[in-house]
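Below: one structure, written as C-alpha cells.
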Amino acid sequence: MASAWQRNAFVLATLLIGLASAQRQDQEDPCKTKSKVVSDVTYCDRYWECINNQPELYDCPNGLVFAGKHRGVTEGCDYPWRSNYCEGKQLANGPISTEHCDWLYGIFGHETSCTRYWTCWNGTATEQLCIGGLLYNENAHSCDWPENVDGCQKHPLCNEDANGNVPLGKSCNRYWQCQGGYPRLQRCPAMLVFDRRSLRCVVPPTEDCDVPTTPLPIEYEPEQPQGKGNSNPNAIHQSSGTGGQQGGKLQSGGRNKN
Ligand SMILES: *[C@@H]1O[C@H](CO)[C@@H](O)[C@H](O)[C@H]1NC(C)=O
C-alpha cells in the first residue's frame, strides 16, 4: 500500500506533466469539438473550421480577430479592442487600408475633426458624428466627454469664454453652454428665447427672435465647433430637449464630470 507521501508525489508529478503539456499549446482540432470552429493557437486573427471532416484554416476579415462561433460583428470575428482576444497571440495579417480606413473593418478617428469619426466595413468608410458636445475618443472607439479625450479637450467654441454661452447658429432657443471649456448643448426654458446680445435666455421679443408663433420655429444647422465639411442636420434634432445636461449617448465608459 502506497504511503501518503508517495501518493502526493504522484499527484504532483501528474500535475506538472499536465501543466507542461498545456504550455506547449497544441492546436485544437475543430473536428473534435461540438462547434466545429476553434481559434488558432498562434494567431488571433485566424481560426480553424471543420469542413468535410478536415480542419481548414481561415483568416478573419481584415482588421478583425477571432471571437468565437456566432460572436463578434461578422464571421465569428470582432474588433480587437473589444476584449483581450490577442493576449499572448500575434496577428498573421497586416492592415489593408482604404481612404479613411486603416484596416478594411474597424472604427477610426477623423483626419480633421474631434467630433467626427469613421466606421469602416469591408473598406467602405461611413462618417459618424458625436452629438451634444461629445468628442471621439480613439481609445474607447466611441464618443466621450471632452475631458476624457486627449488632445481634443476643449472646443474652440469655448475659447472666448470657458464658462460663457455661445449662440447656436441662428437658433432662437438653443445655445451652447461652455463649462470649463467644454460645450454643452442647451435649450432655453419654454416661452424664452436666446438673446445673442446678453447671451442669456430672455422673454421675447429680441432683435432676432419674435415671440414663437409656430410650435416648431425654423432651426438652422449649428456651426460645428471643429472640423470642416457638411454639418449633420440631425445633430440638433438628436440633442437634449428640456434644458437637461446632455443629449449625447455614451457607448461605454461614460462619466459625468459634475
Ligand atoms: C468586400 O469588397 C470586395 C471588393 O471591394 C468584394 O469583392 C467582397 O466580396 C466584399 N466582401 C464582403 C464580405 O462584402
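The values are calculated or read from the model by the stated rules, or taken from the named source; none is laboratory data. Keep in mind that this is a model prediction, so the values were computed, not measured. Glycine also receives a Cβ, built like all others from the backbone with ideal geometry; neighbour counts cover every protein chain displayed.
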Q | Pick from the range 76-102, criterion within 13 Å of the ligand (Cβ to nearest atom) and crowded, with 16+ Cβ neighbours inside 10 Å, ranking: nearest to the chain's Cα centre (by Cα) | A | CYS101
Q | Among (1) within 30 Å of PHE66 (Cβ to Cβ); (2) hydrophobic (A, V, I, L, M, F, W, C); (3) surrounded by 18 or more Cβ atoms within 10 Å (Cβ to Cβ); (4) without any contact (Cβ under 8 Å) to a residue 24 or more places away in the chain - the single one TRP121 does not satisfy | A | (3)
Q. What is the number of the single condition among (1) assigned to a loop (DSSP other than H, G, I, E, B); (2) more than 16 Å from the ligand (Cβ to nearest atom); (3) over 19 Å from ARG184 (Cβ atoms) that GLU127 does not meet?
A. (1)
Q: Can you confirm whether the range 102-121 contains a residue that is farther than 30 Å from PRO167 by Cα and among the acidic types (Asp, Glu)?
A: yes
Q | Which listed residue, of TYR182, TYR136, TYR175, TYR220, is of a type in the set (Ser, Thr, Tyr), touching a His at 6+ places or on another chain (Cβ under 9 Å) and either more than 18 Å from SER113 (Cα to Cα) or at pLDDT 75 or above (or both) | A | TYR136
Q. In the range 103-114, what residues are part of a strand (DSSP E or B) and away from the ligand (no atom under 15 Å from the Cβ)?
A. ILE107, PHE108, GLY109
Q: Filter the range 57-74 down to the residues that are without any contact (Cβ under 8 Å) to a residue 24 or more places away in the chain and in contact with a helix residue (DSSP H, G or I) (Cβ under 9 Å, 6 or more places away or on another chain), then identify the one that is nearest to THR98 (Cα to Cα).
A: GLY72
Q) If a residue has to be crowded, with 21+ Cβ neighbours inside 10 Å and either of a type in the set (D, E, K, R) or under 14 Å from LYS89 (Cα atoms) (or both) to count, how many in the range 41-63 make the cut? A) 4
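Here's the yes/no breakdown for (1) among the basic types (Lys, Arg); (2) under 19 Å from the mean Cα position of the chain (by Cα); (3) within 16 Å of the ligand (Cβ to nearest atom):
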position: ARG116; (1), (2), (3): yes, yes, no
position: CYS120; (1), (2), (3): no, yes, yes
position: GLU138; (1), (2), (3): no, yes, no
position: VAL149; (1), (2), (3): no, yes, no
position: ALA162; (1), (2), (3): no, no, no
position: ARG187; (1), (2), (3): yes, no, no
